[in-house]
1. Looking only at helices (runs of 4 or more DSSP H) that lie completely in region A:172-214, which have at least 3 residues being touching an Asp or Glu at 6+ places or on another chain (Cβ under 8 Å) and either more than 10 Å from chain B (Cβ to nearest Cβ) or buried (at least 24 other Cβ atoms within 10 Å of the Cβ) (or both)?
2. Just name the residue that is nearest to B:Ser103 (Cα to Cα) out of those in region A:9-29 that are open to solvent by 90 Å² or more (accessible area, probe 1.4 Å) and facing chain B (nearest Cβ under 7 Å).
3. Which residues, counting only those in region B:199-212, are within 11 Å of another protein chain (Cβ to nearest Cβ) and open to solvent by 30 Å² or more (accessible area, probe 1.4 Å)?
4. Quick check on my filter: what residues within region B:222-279 are open to solvent by 50 Å² or more (accessible area, probe 1.4 Å) and facing chain A (nearest Cβ under 8 Å)?
5. For B:Thr182, state whether it is over 23 Å from B:Ala202 (Cβ atoms) and β-branched (Val, Ile, Thr).
6. Looking at region A:55-66, which of its residues are farther than 21 Å from A:Gly240 by Cα and open to solvent by 20 Å² or more (accessible area, probe 1.4 Å)?
7. Would you mind stating whether B:Ser63 is more than 14 Å from chain A (Cβ to nearest Cβ), open to solvent by less than 30 Å² (accessible area, probe 1.4 Å) and of a type in the set (Ser, Thr, Tyr)?
Amino acid sequence: MNISPKTAQKIAWLLTWLSGLIVFLILAILIGFIFYHGLSVISWSFISNSIPEGGILPAIVCTIYIVLLTLVLSAPLGLGTAIYLSLYAPKGRFSEFVRYGIETLAGVPSIIFGLFGMALFVIVLLGTQCLLAGALTMACLVLPTMILASEEAIRSVPASHIEASLALGATKWQTITKVILPAALPGIITAVILCVGRVIEETACLYATLGLSMLTPGSLFHGGRTLALHLYLLVTEMPGDRGLLIKQAMATSVILVIIVILINLLTRLLSGYFLARMKGNN
Amino acid sequence: MFNRYFVDNVSKQIVLVCAAVSLLVLFLIVIFIFKEGFPAFAKIGLLKFLFGTEWSLKEEKFSILPLIIGSTLAMLGTVVIATPLSIACAVFLSEVAPHRISSLLRQAIEVLVGIPSVVYGLVGMTLLVPLIRQLGGSGYSLLAGIVVLTIMVLPTMVTITEDSLRAVPVSYKEAALALGATQWQAIWMVLLPAARSGITAAFILGMARAIGETMAVYMVIGNAFAIPGSILDPSRTLTSHIVGQIQESASGSLHLSALFAVGIVLIIFILVFNSIAFLIRRKTL
């Protein structure tokens, strides 16, 4: 059977529209399903109560702790490394090898970092699953991403800007702090937000290192659970009325999805703001 | 005030130290994993570890063939569904859809990327698994794992494929259209072949993501340590096996070392995928 090119095009168009529709439907069903089941549970007391009372406040606090600690441990180190690799390191086989190594590590499944964190930080160094062990493990996990994304931001600064600054007699460091970093700032902020997103969604790694305590961690050496981890524990390990636990898990999902959407909006707003500033409509 | 040349010099040293520390840490992680996993290979024997079908804590027998098969099947099932879908979706985004719809769809894809994997797992458990139960079995199955994984790798694959389609010079398509080709002929015969290296990269990175994904799969795949006879049977992957066992592992035990050995097998899978993707990208640059 021979199909005329026009008919073929019509069929192909139909199929591509269909595929776009499928992706929309997946998101719609996913979000609709979570909101349908979870929204009825969400109330002020759900957010402000302790975990045995059916709330999630300790998980929210713990998530914030882990995000901040991870950033403190990984962001300066990652940015410094990115600056060195993109602006100081001699070009050649070695730096190509280093980049390849970092890219590979960025793709290593998080559970392997979890296993590593468990064996080194929990068993050997700290002796217990705790906030610090979780944050150290997460810092190792996001470090490659942080380096690669900041490096990309730095590399996107036009060479002419850098040359102009150097030609005016600025030292390399003055060029970096006054020309390169301001120009690369949106990219660097995006890198940081990317890492925040990864910490919020990470479960496997923290399941192995953070401890599964229901309490708000009182110090670096206490355990806790992040929102994502709490969600997982609700449906798998918590004793109690299964229907209610699932409802609470759905409500926790709603909170997580809202956070994800807010993070996306924030990235969009920031990049819009910086784009406008770069065009000079300040 | 410090002399600016002095500041320049000190800063350079600080950045150098940052780089040295990061690279050292990352290097040590790799060394540590291999050092911890090595005793398992040595005591059990490489072939017995890879091709045996028993995992028993009590008898200290550790081998992982069912896991390798589970992971491979889940991964292949995923890319078989996700590749055509992501190519169609990428063509839709870059060539077919009106601007407003494509930007909306792109936002939807960004949200899908950010949703935590436990949320996918939860919806899989409560929505997908009961549906699959209608087909037979408990519902917790390889098929459930594949569907969840497909949804999770789809956004990545669509994004990479779309980027590679956009990277093809407009003149190629214009030339085809000028020769009298229809839009679709231009896409099918010119655009897609020209973007094939990007499409291959999307395929490979999709596999890498599928094999590395942990929690969502763990929650829906049923976790039976056995080689699945059909797509409706429960199965277990390399990653979900590690999660399932990690809380029981004691320091210095053969068990912990065997878990690290599972991790090494996973890393080797990822290493192979990444190397292929790396080579493809370098060839096209």
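1. It comes to none.
2. Looking at the filtered set, the residue picked out is A:Trp17.
3. B:Leu205, B:Arg209, listed by residue number.
4. Of everything in region B:222-279, those that are open to solvent by 50 Å² or more (accessible area, probe 1.4 Å) and facing chain A (nearest Cβ under 8 Å) turn out to be B:Gln247, B:Ser251, B:Leu271.
5. Values: over 23 Å from B:Ala202 (Cβ atoms): yes; β-branched (Val, Ile, Thr): yes.
Yes.
6. Applying the first criterion (farther than 21 Å from A:Gly240 by Cα) to region A:55-66 yields A:60-66.
Passing the criteria: A:Ile60, A:Val61, A:Ile64, A:Tyr65.
7. On the way: more than 14 Å from chain A (Cβ to nearest Cβ): yes; open to solvent by less than 30 Å² (accessible area, probe 1.4 Å): yes; of a type in the set (Ser, Thr, Tyr): yes.
So B:Ser63 fits the description; yes.
Matching residues to (1) touching a helix residue (DSSP H, G or I) at 6+ places or on another chain (Cβ under 9 Å); (2) in contact (Cβ under 8 Å) with a residue 12 or more places away in the chain; (3) within 12 Å of another protein chain (Cβ to nearest Cβ):
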residue	(1), (2), (3)
A:Pro217	yes, yes, no
A:Phe221	yes, yes, no
A:Leu227	yes, yes, yes
A:Glu237	no, yes, yes
A:Gly243	no, no, yes
A:Lys247	yes, yes, yes
A:Ile259	yes, yes, yes
A:Ile263	yes, yes, yes
A:Leu270	yes, yes, no
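The values are calculated or read from the model by the stated rules, or taken from the named source; none is laboratory data. Note that the structure is predicted; figures quoted are calculated from it, not measured. Glycine also receives a Cβ, built like all others from the backbone with ideal geometry; neighbour counts cover every protein chain displayed. Keep in mind that these areas ignore ligands, DNA and RNA; they rest on the heavy atoms of the full protein, side chains included. Shrake-Rupley method; radii C 1.70, N 1.55, O 1.52, S 1.80 Å.
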